[in-house]
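**Q** Here it is: the structure, laid out below.
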Amino acid sequence: MPRTVPTNGSAAVSNPSIVHRGAGLLGESLALGFWRKDPVLGGTDFVASFSEDSGSTWLPPITCGAASPGDTLAGQGSRTFCIQATPTTLQWAEWTGAAWGGAQTLIEISGVSAAPSATESADGRLHLVAGTGGGEVLHTALPGGSSSWAPPVPIGAGVAPVIATDGGSLYVYAADPQSFAESLIRRYSSEDGLFWSATPALSGAPFGYVLDYDASWAFEALAGAALFSLTDQTGTSGSPPARPARWTRFGSGSGRQAPRSTGSGFAPAPPALRAMLG
């Protein structure tokens, strides 16, 4: 049964991101970040709410900062970070257990139009990718227990990148706009986060085409496997017919499987992805 997260009187919330923080006092410890429109002042903030009982109850949300295109939560073990964008940088702040610490510059980057994506690798490093305004994907990493992010490394063309790991390799998918109506989906992989290579995407070639009309995708990873799914629609107006949602699974236990179809409709939500991974 869905549980309610307090929003301090706001009925307008969006852009959620969730982090698993390990064992909590009465179950699993979770952090949920989201945009919340102030019901009195009207501005929109990026806030986070915490649960120590596997999501049964949630604390009132605590503001990290004013909403920005780069808002997301990221986790590294029991550590939780608030990531936000300014016109020229990505900023990060760490949860102290009672409040957010002071914002610090994570990387110099301009033109961020989508939230960055982060994943923790088996060696404890937190990997983060973000798309620049110039259409390039940057990667950086934070070693476990550290407060110093590695210098950003460009890994290839793309915007709105998503990253996940299968417990060994790192994988990044990103959209590379080719025109007003069409993009390539590029896939990159790396063993260490330092050297990246383009590898076959959903089409069986390094690039897979999708239409920009109502395209969406999701990326999920569990031990030994990762799953990427997407859907897009044909046509430009009215009620265009949906293309089948496509997905591909790969990882140390299964290898990369050929793209499959889940039937017409939107890409599976994260719970469905977890069910597919098994």
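We did not get these values from a lab; they are worked out from the coordinates using the rules stated. The structure displayed is predicted, hence computed values, not measured ones. A quick note on method: Cβ atoms are made from the backbone with ideal geometry, for glycine too, and the neighbour counts reach across all protein chains shown.
**Q** Sort 34, 46 so that the residue with the fewest other Cβ atoms within 10 Å of its own Cβ comes first and the one with the most comes last.
**A** Details: 34 22, 46 25.
Ascending Cβ contact count within 10 Å gives the list 34, 46.
**Q** Once you sort the root eigenvalues of the Cα gyration tensor of the stretch 1-128 as a ≥ b ≥ c, which label holds: rounded (a/c under 1.5), prolate (a/b larger than b/c) or oblate (the other case)?
**A** Oblate is the answer for the stretch 1-128, as a/c is 1.5 or above yet b/c matches or exceeds a/b.
**Q** Report the charge-dipole magnitude of the stretch 12-67 in Debye, nearest 20, computed about the Cα centre from +1 at each Lys and Arg Cβ and -1 at each Asp and Glu Cβ.
**A** Values: 3 positive and 5 negative charges, 30 e Å.
The dipole of the stretch 12-67 has a size of about 140 debye.
**Q** In whole Hz, with x marking every Gly and Pro, tabulate ³J(HN,Hα) for the stretch 70-84 from phi via Karplus 6.51 cos²θ - 1.76 cosθ + 1.60, θ = phi - 60°.
**A** With coefficients 6.51, -1.76 and 1.60, one gets x, 7, 6, 9, 9, x, 9, x, 8, 7, 10, 10, 9, 10, 9 Hz.
**Q** Restricting to DSSP loop positions (anything but H, G, I, E, B) with no more than 12 other Cβ atoms inside 10 Å of their own Cβ, which GluC sites (Glu not before Pro) remain in the stretch 102-195?
**A** Numbers: sites: 108, 120, 136, 182, 191; in loops: 191.
Those satisfying the criteria are 191.
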